[in-house]
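The values are calculated or read from the model by the stated rules, or taken from the named source; none is laboratory data. Computed from a prediction, not measured in an experiment: that's the story for all the values here. Cβ atoms come from the backbone with ideal geometry, glycine included; neighbour counts cover every protein chain shown. These accessible areas exclude ligands, DNA and RNA; they are computed on the full protein's heavy atoms, side chains included. Shrake-Rupley method; radii C 1.70, N 1.55, O 1.52, S 1.80 Å.
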Amino acid sequence: MVDDVTLARAIHLIAVVLWIGGVAMVTTILLPAVRRFKSSDERVAFFESVERGFARQSRISTLVAGLSGLYMVYRLDLWDRFASVSFWWMHAMVALWLIFTLMLFVLEPLFLHRWFLTRARVAPEATFRLVQGLHWLLLSLSIITIFGAVAGSHGFLLFS
């Protein structure tokens, strides 16, 4: 019989794999390929079509990751971990989730999408370089956070 916390953990991990795996794919495969397109109009059109589908997946994945993570903190009464630097990855998970949630649900729909299209038409190379750099930053922070969460939840505490 599977208990509710085990189920929540499995759901949480699947959501994170889909979410951060997608970020890794966009960062390491999609953006470098798009930057090799000859036409800037082709770059923007192709990137937009793929990114639109990924944004939908990311919104669902981040929502599921956030809800399942909150459920586990509530159900296991882990609130005190946020008061200890030893559990730094808890803060990192929440911070990373907040960054992505703000990007996906607030900033991108309100103005980032229009900003990207406008800037990509004027300075496509610089725009894609900036977008790729930001993706690398987010992917790096995600990898550090995942490493910390997995290692820390198995007893490897950096700041104990």
I'd like to check something: does the stretch 54-72 contain any residue that is within 24 Å of SER153 (Cβ to Cβ), surrounded by fewer than 13 Cβ atoms within 10 Å (Cβ to Cβ) and touching a residue at least 60 places away in the same chain (Cβ under 8 Å)?
no
SER140 being among the hydroxyl-bearing types (Ser, Thr, Tyr), at pLDDT below 95 and more than 26 Å from THR6 (Cα to Cα)
no
Could you check how many residues of the stretch 116-160 are of a type in the set (Val, Ile, Thr) and under 30 Å from ARG36 (Cα atoms)?
6
Name the residues in the stretch 1-53 that are open to solvent by 30 Å² or more (accessible area, probe 1.4 Å), closer than 20 Å to LEU107 by Cβ and touching a residue at least 12 places away in the same chain (Cβ under 8 Å), would you?
VAL50, GLU51
THR145 touching a helix residue (DSSP H, G or I) at 6+ places or on another chain (Cβ under 9 Å), among the hydroxyl-bearing types (Ser, Thr, Tyr), surrounded by 13 or more Cβ atoms within 10 Å (Cβ to Cβ) and more than 20 Å from LEU30 (Cβ to Cβ):
yes
Would you check which residues across the stretch 119-142 are over 19 Å from the mean Cα position of the chain (by Cα) and loosely packed, with under 12 Cβ neighbours inside 10 Å and list them?
VAL122, GLU125, ALA126
Filtering helices (runs of 4 or more DSSP H) wholly in the stretch 88-160 for at least 3 residues that are under 16 Å from GLY21 (Cα atoms) and free of Cβ contacts under 8 Å to residues at least 60 places away in the same chain gives 88-102, 124-153
Would you call LEU98 over 17 Å from LEU158 (Cβ atoms), surrounded by fewer than 16 Cβ atoms within 10 Å (Cβ to Cβ) and more than 23 Å from the chain's Cα centre (by Cα)?
no
So PHE100, is it within 20 Å of HIS135 (Cβ to Cβ) and of a type in the set (Phe, Trp, Tyr):
yes
Restricting to helices (runs of 4 or more DSSP H) lying wholly in the stretch 1-82: which have 2 or more residues that are farther than 22 Å from ILE99 by Cβ, at pLDDT 95 or above and not aromatic (Phe, Trp, Tyr)?
4-25
